[in-house]
Amino acid sequence: MKKIGFLSFGHWTPSPQSQARSAGDVLRQSIDLAVEAERLGMDGAYFRVHHFTRQLASPFPLLAAVGARTRKIEIGTAVIDMRYENPHYMVEDAGSADLIAGSRLQLGISRGSPEQVIDGWRYFGYRPAEGEDDAGMGRRHAEEFLELLRGRGFAQPNPRPMFANPPGLLRLEPYSEGLRDRIWWGAASNATAIWAAKLGMNLQSSTLKFDESGEPLHIQQAAQIRAFRAAWKEAGHNRTPRVSVSRSIFALVNDLDRAYFGRDQENDTIGFLDARTRAIFGRSYAAEPDVLIAQLRQDEAIAEADTLLLTVPNQLGVAYNAHVMEAILTTVAPSLGWR
């Protein structure tokens, strides 16, 4: 058995070919898609976060709205860029959204990816500390966020408060019990996966990774997952960690599917995230169900993970994306033992 969710990047464009032509379209359709996913029996609704671009950005209003409209499905991010975040305010937002959803949030956080603007986090008021780069700042914000999620009091109460205080130091409110165990780290390297394991975060591995061995993406990811689990065991945590991988997978069951995805990329590609960082980008899977099943059986990282996030083409609209998810659930997942 495997948990299966969708991952939307939340693109919009004013193009007449797009079903999502504005930010309002994307936000409302994201809620509707989560409702449809729950109806179909999907396990998760996940959303990417990007700044300074026509994609989903501030996640918590959307997560809260999805939580209010659904009852069972996990609701998450993949990922929130911690370089842009105030950990204190984020704890309040996350606690509120999680309580609205009934403790269903699965928050993916990370250092983030290359952005649309140079040092965009500076416009949000953040700067790396002395001797720290932006990636280090993102990890520092993450560690602060994790500590605050423990719910321990740290703030000295006013001796003459407007409202009566509980005894002792005060914590941030509202506090959501258990959210600390539902934080994931989006790791692009083996080293950050090991770091996440030591801190007790779950692991998200995306459709790209730093190219650390020259092997295919799925083999590198499988090794990353095994390194993460070994570090988790060594750290002595009490619970079993979760691991997700993201994939673009399309079962070609009708002519429209074949028109959209019949010529999708069938091999990994190599690129550069910046001038120095060589990365491997995962292939798309698009084929008739029987061919797709045989291909996916060979994906070592999917086999290692307990959760699979299907990246969806959100600009094609809610109805078509519901069809994409249903096709995977009915024509592919049972034969692979995912259902």
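We did not get these values from a lab; they are worked out from the coordinates using the rules stated. Being a predicted model, the structure only gives us computed values, none of them experimental. Cβ: placed from backbone, ideal geometry, glycine included. Neighbour counts: every protein chain shown.
Just to verify a number: FRET efficiency for Glu147 and Ser58, C-beta to C-beta distance, R0 = 30 Å, to 0.05? Please report the intermediate quantities before stating the final value.
Numbers: r = 23 Å, r/R0 = 0.77.
Result of the calculation: an efficiency of 0.85.
Using +1 at the C-beta of Lys and Arg and -1 at the C-beta of Asp and Glu, which of Gln17, Met137, Val49 has the Cα lying farthest in the positive direction of the dipole of region 1-158?
After comparing all options, I get Gln17.
To the nearest whole percent, what portion of all C-alpha pairs in the chain is separated by more than 29 angstrom?
Value for the chain (Cα pairs over 29 Å): 39 percent.
Going by average Cβ density within 10 Å per residue, which order do the peptides 228-234, 247-253 take, highest to lowest? Mind dumping the intermediate values first?
On the way: 228-234: 17.3, 247-253: 22.0.
Listed from highest to lowest mean packing, they are 247-253, 228-234.
I want to check the label-to-label distance for Phe124 and Ser15. Put each point 7 Å from Cα in the C-beta direction and report it in nm to one decimal.
2.8 nm
Roughly how big is the chain's charge dipole about its Cα centre, with Cβ charges of +1 (Lys, Arg) and -1 (Asp, Glu), in debye to the nearest 20?
On the way: 38 positive and 40 negative charges, 140 e Å.
So the magnitude is around 680 debye.
What ranking do 160-167, 7-14, 105-112, 329-336 get when scored by the average of other Cβ atoms within 10 Å per residue, highest first?
Sorting 160-167, 7-14, 105-112, 329-336 by mean packing, highest first, produces 105-112, 7-14, 329-336, 160-167.
Compare the Cα positions of Ile270, Ile302, Pro59 along the charge dipole of the chain (+1 at Cβ of Lys, Arg; -1 at Cβ of Asp, Glu; about the Cα centre) and return the one farthest towards the positive end.
The Cα lying farthest towards the positive end belongs to Pro59.
Describe numerically, in nm with one decimal, the distance between label points set 7 Å from Cα along Cα→Cβ at Asp290 and at Arg339.
Once both label points are built, they end up 2.0 nm from each other.
Which one of Ser284, Phe6, Ile75 has its Cα pushed farthest toward the positive end of the charge dipole of the chain, where Lys and Arg give +1 and Asp and Glu give -1 at the Cβ?
Checked the options; the winner is Ile75.
Taking H placed 1.01 Å from N in the peptide plane, check which residues at least 5 places from Leu309 or on another chain put their amide H under 5 Å from its amide H.
Placed amide hydrogens put Gly5, Val245, Ser246, Arg247 under 5 Å from Leu309.
Sort 195-202, 146-153 by the packing proxy (mean of other Cβ within 10 Å over each peptide's residues), most packed first. Numbers along the way, then the final one.
Working: 195-202: 20.9, 146-153: 15.8.
Taking the mean over residues of other Cβ atoms within 10 Å, the ranking is 195-202, 146-153.
Can you list the HN-Hα couplings for region 8-14, worked out from phi with the Karplus curve (6.51, -1.76, 1.60; θ = phi - 60°), rounded to whole Hz and with x for Gly and Pro?
10, 7, x, 6, 9, 8, x
Relative to the first principal axis of the alpha-carbon coordinates of the chain, what is the inclination of helix 217-235, with its axis defined by its Cα atoms, in degrees from 0 to 90 and to the nearest 10?
Value to nearest ten degrees: 30.
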